[in-house]
Amino acid sequence: RLCLTEQVIVWPRFYHLFLSGHIMGRHNNFSMRRTFPFFVSMSKLVDSARTEALATVPQWKEVDNRDAITRTFMFKNFKDAFAFMTKTAEYCDPKDHHPEWFNVYNKVEVTLATHTASGVTEKDIDLATAMDKFAQECNVNPTHSLPFAY
């Protein structure tokens, strides 16, 4: 018999390991993934669900030739850009869902996609929403005028 949780299916007798973080989270590693091969990937957003989800993050754009979304953040300086990246990293790590990003001085280019689903999922929309909030807290430049001083 299987129990379905938000991100993983586990046999009932292993459920205590899931709750304590030994299957997911802080104790997660490759060997445990092989030991407990019950992971279920999220479904890729398609059709109206995708349109509705993307409407909630209007500053994020779809990537050409790839099922992903992207946004460039411009900050006042490197310190603000790094603070943004730190807040994002602290948010992402427990969720085991991380952005692809590139940083030069005050500019942070972010691409989001769920690799196990080969595209954009609800995880990416949640992360994009959180990153928009963190950017506001870290003095993002609202105009995003390019080119910008490096």
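General observations
- With an a/c value of 1.5 or above and a/b larger than b/c for the gyration tensor axes a ≥ b ≥ c computed over the alpha-carbon atoms, the range 45-113 is described as prolate.
- Once the Cβ-Cβ distance of A83 and E52 is raised to the sixth power relative to R0 = 30 Å, the FRET efficiency obtained is 0.45.
- Share of carbon and sulfur in the accessible area of the range 61-137 stands at 52%, probe radius 1.4 Å.
- Size of electric dipole in the range 61-137: Cβ of Lys, Arg +1 and of Asp, Glu -1, about Cα centre, debye, nearest 20: 320
- If you take all other residues with their beta carbon under 10 Å from the beta carbon of A130, and give Lys and Arg +1 and Asp and Glu -1, the sum is +1.
- Per residue, the range 61-137 exposes 51 Å² of solvent-accessible protein surface, assessed with a 1.4 angstrom probe and all protein chains in place.
- Protection proxy ranking, highest mean first, for peptides 118-131, 89-102, 71-84: 118-131, 71-84, 89-102, where packing is the per-residue count of other beta-carbon atoms within 10 Å, averaged.
- Note, ³J(HN,Hα) from phi for the range 52-60, Karplus 6.51, -1.76, 1.60, rounded to Hz, x at Gly and Pro: 5, 5, 5, 5, 7, 10, x, 7, 8
The values are calculated or read from the model by the stated rules, or taken from the named source; none is laboratory data. These numbers were taken from a predicted model, which means no experiment stands behind them. Here the Cβ is made from the backbone with ideal geometry for all residues, glycine too, and neighbour counts use every protein chain on show. Accessible surface areas use protein heavy atoms only, side chains included; no ligands, DNA or RNA. Shrake-Rupley method; radii C 1.70, N 1.55, O 1.52, S 1.80 Å.
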